[in-house]
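No value in this document is a laboratory result; all are computed from the given coordinates. Here the structure is a predicted model, which is why all the values come from computation and not from measurement. Cβ sites come from the backbone with ideal geometry, for glycine too, and all protein chains shown count toward neighbours.
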Amino acid sequence: MPDDTYRLADDFAPSDADRWRDLVSADLKGRPWTDLVGRTRAGLEIQPLYTAADWDAADASVHARGDRDPALAPSWDVRPEYVHPDPATVNARILRDLSRGTTSVLLRLDPAGREGVAVRSAEDLEAVLADVDLARTPVVLAAGARFVPAAALLAEVRRARGVADDAARGALQADPIGAWCLGGGLPVGLSGLLEDMADLAARTAAASPDVRAVNAAACPFHDAGADEAQELGFTLAEAVAYLRALEERGLDADVAASQIQFCFPVTGELFGEIAKLRAARTLWGRVVEACGGGPVARRMRLHARTSARVATRRDPWVNMLRATTAAFAAMTGGADSITVDPFDATVNVPDDFSRRIARNVQIILQEESHLGHVVDPAGGCWHLERRTADLAERAWSWFQDVERRGGLVAGLREGWIQARIAEVREARARDVARRKAPITGVSEFPVLDVPDVARTRPTPPTGAFPGDMGLAGEDGTMHDPVEALARHADAEPFEALRDAADAHLARTGARPRVFLCSLGSLAQHNARTSWIRNVLAAGGIEATSCGETLDDPASAASALRRSGDRAAIVCASDETYAEKGPEVAAALKAAGAADLLLAGRWGDLEARWREAGVTVALHLGCDVLEILRDLHRTLEVKA
């Protein structure tokens, strides 16, 4: 290359981070640039600028890249989940999906047919897997505490087909601790299930090298409200508990670690989720290395699925967008397999349309975006390398806290883990209530007349429960009771208000309504009017107006009387408020407003507003949820 090569950067003066900070501080008019530093739910700092100096963080992420070779496996495993109770219906869906791009099968089994496929015998499972090539298609089972009989039924189906054990592919997903903390107890004792898990893993490792027996799932912690660092730390503690159980059974570190698959839920918080999956691999590699495991065993087998916690029942079509971002994050973070929940999974058993959309989200990312052809797409990004390292460090601290308390089981028994998760969940709920954590279609930009996705759950087939899915020693009682990690959807509080408002509409023939007293011209009040309508709709409340310009207390009072509404909101510009706002509010109160609110902050007029009868100021950052609940009480909206 000639010495006089032209470089574009030569035309610009060199710059550095200090110079950038000086310029930003000038633009902020005296505020420090540190005001731009954000924080994640786990308390990690997100800097407004990352530089090459942050590259040092990559040294802490030696396992983050993974070792999948795009030349050998240019795509991840597309793994839909099947939950319809009827085996024949599930079979038809499996065959259709396999012909249209999916590459493995995840069966959620429930002998009762309430939360999964009603499989109670080998005949039932054979009906589910009819015409599925078990030597080529990985089959993954999710059977909760019933993983031993489920694995036995699958083995029986394989043998009847003439498929050798060493040709089997997939995962058995024995996760006794996950089933325990989700259900608040087990049909048999936890210690016995841990022994069963270890025995199953030993047999699987010896007979079926392409099958993983154990599953360390972050889903219970995530769905209960844990932040990203807790999620990683607690899941790592679960995997270590399983490692110990396997080693007690006689498996060495390499075999034991290779029997464990991980599952992480992924939200649409793109960069945070990418960092989470990369940090997970970093932490697992560190643990297995410390246990004496070799390079192959240090590799995490990572399954990702779209988060149920962030999905919504209201306006569920928005879940398609959430799922697309989450799937992109999962792939970029290095997931080996991905499950995208259909958009209506929050409502009931998904139909064929929603399943097709969920499947095609991944197919498009694979076939049209070619996202599987790059090793660790996030690698080398200064922000993500730093964020991965910071998150791994914080998660490791949580892991150490759990281990100091005697391990995950001990922490769950004493309720310490549940309490720590509850603290985060309550903090997130406060942000949701104030719309600092907005939920599109629910707390932000809700549409009152959007049609619901209503569907009756299919009736499970008849048959004995649990059939061949019973456990040795099962006696119908709950063993090892523990405080359950209940699932909490972020949108639940607002969706409860919408449910109550819909019930009010069905009962009375009209939605709950609030009179919107907009003063002055449209240009003067439109921004606040639009914002208020949005807020009210989040609670299922309709904002009504008289359709004419209101300029004085008398016209405002007359319009309220004509509307017949029991609550009113004064909405105008700050200038109009200063001129006549409290006087209008007093007239509305005298005209019969049982509840009177202000659109905007109290400002210097607070004493006068309160004297006029205004009780609440609606503004950015206020507790919108509690205000809507109060309006429901005023308007006699019952759940």
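Mean separation of Cα pairs under 8 Å and 6+ residues apart, divided by the residue count of region 247-374: what relative contact order is that in percent?
26
What net charge is computed for the residues neighbouring residue 438, neighbours being all others with C-beta under 11 Å from the C-beta of residue 438, Lys and Arg scored +1, Asp and Glu -1?
Net local charge, residue 438 excluded: 0.
Cα axis of helix 147-161 to longest principal axis of the chain: angle in degrees, 0 to 90, nearest 10?
Around 60 degrees separate the two axes.
Using +1 at the Cβ of each Lys and Arg and -1 at the Cβ of each Asp and Glu in the chain, identify which of 141, 40, 598 lies farthest towards the dipole's positive end.
It is 598.
Can you sort 328, 343 from fewest to most other Cβ atoms within 10 Å of each residue's own Cβ?
So the residues, fewest neighbours to most, are 328, 343.
Cross-link list 589/638; 276/436; 276/638: which exceed 31 angstrom alpha carbon to alpha carbon?
276/638
Could you check the spin-label model distance between residue 562 and residue 363? Points 7 Å from the Cα along Cα→Cβ, value in nm.
5.6
Mind sorting out which of (i) 94, 58, 56; (ii) 71, 55, 49; (iii) 86, 80, 48 is the real Cα extents along the principal axes in Å computed from the coordinates?
(iii)
Using +1 on the beta carbon of Lys and Arg, -1 on that of Asp and Glu, and nothing else charged, what's the dipole of region 94-150 about the Cα centre, debye to 20?
Here region 94-150 has a charge dipole of around 180 debye.
Could you tally the net charge around residue 411, taking each other residue with its Cβ under 15 Å from the Cβ of residue 411, Lys/Arg +1 and Asp/Glu -1?
Around residue 411, the surrounding residues sum to -3.
What is the Cα radius of gyration of region 493-634 over 2.2 N^0.38 Å, N being its residue count?
Cα Rg divided by the expected 2.2 N^0.38 Å: 0.98.
On C-alpha positions alone, give me the angle between the axis of helix 318-332 and the longest principal axis of the chain, in degrees, nearest 10.
So the inclination is approximately 50 degrees.
Give, as a single signed number, the net charge of other residues whose beta carbon lies under 14 Å from the beta carbon of residue 367, with Lys and Arg counted +1 and Asp and Glu -1.
+1
How high is the relative contact order of region 493-634, given as a whole-number percent (alpha carbon pairs under 8 Å, six or more residues apart)?
24
Calculate the FRET efficiency for residue 462 and residue 92 from the Cβ-Cβ distance with a Förster distance of 25 Å, rounded to the nearest 0.05.
0.80
For region 268-346, what is the charge dipole size about the Cα centre, in debye to the nearest 20, if Lys and Arg each add +1 at the Cβ and Asp and Glu each add -1 at the Cβ?
Roughly 240 debye for region 268-346.
Sorted by mean Cβ packing within 10 Å, highest first, what order do the peptides 499-509, 290-300, 411-421 take?
Peptide ranking by packing, descending: 411-421, 290-300, 499-509.
So for region 99-242, taking the charge dipole from beta-carbon charges (+1 Lys/Arg, -1 Asp/Glu), which of 121, 239, 106 sits furthest toward the positive end?
121
Distance between Cα centroids, region 433-461 to region 582-639: provide it in whole Å.
A separation of 27 Å, based on Cα centres.
Mean residue ellipticity at 222 nm from the helices of the chain, using -39,500 (n - 2.57) per DSSP H segment of n ≥ 4 over the full residue count, to the nearest 500 deg cm²/dmol?
That calculation yields -14000 deg cm²/dmol at 222 nm.
For the charge dipole of region 346-427, defined by +1 on Lys and Arg C-beta atoms and -1 on Asp and Glu C-beta atoms about the Cα centroid, which residue among 377, 408, 348 has the Cα displaced farthest towards the positive pole?
Among 377, 408, 348, the one farthest towards the positive end of the dipole of region 346-427 is 408.
Going by how many other Cβ atoms sit within 10 Å of their own, how do 276, 436 line up, fewest first?
Taking fewest neighbouring Cβ atoms as first place, the list is 436, 276.
Going by how many other beta carbons lie within 10 Å of each one, how would you line up 516, 49, fewest first?
49, 516
Taking Cα pairs under 8 Å and at least six residues apart, what relative contact order does the chain come out at, in percent?
Computed over the chain, the figure is 15 percent.
Report the charge-dipole magnitude of region 493-634 in Debye, nearest 20, computed about the Cα centre from +1 at each Lys and Arg Cβ and -1 at each Asp and Glu Cβ.
Its charge dipole is roughly 440 debye.
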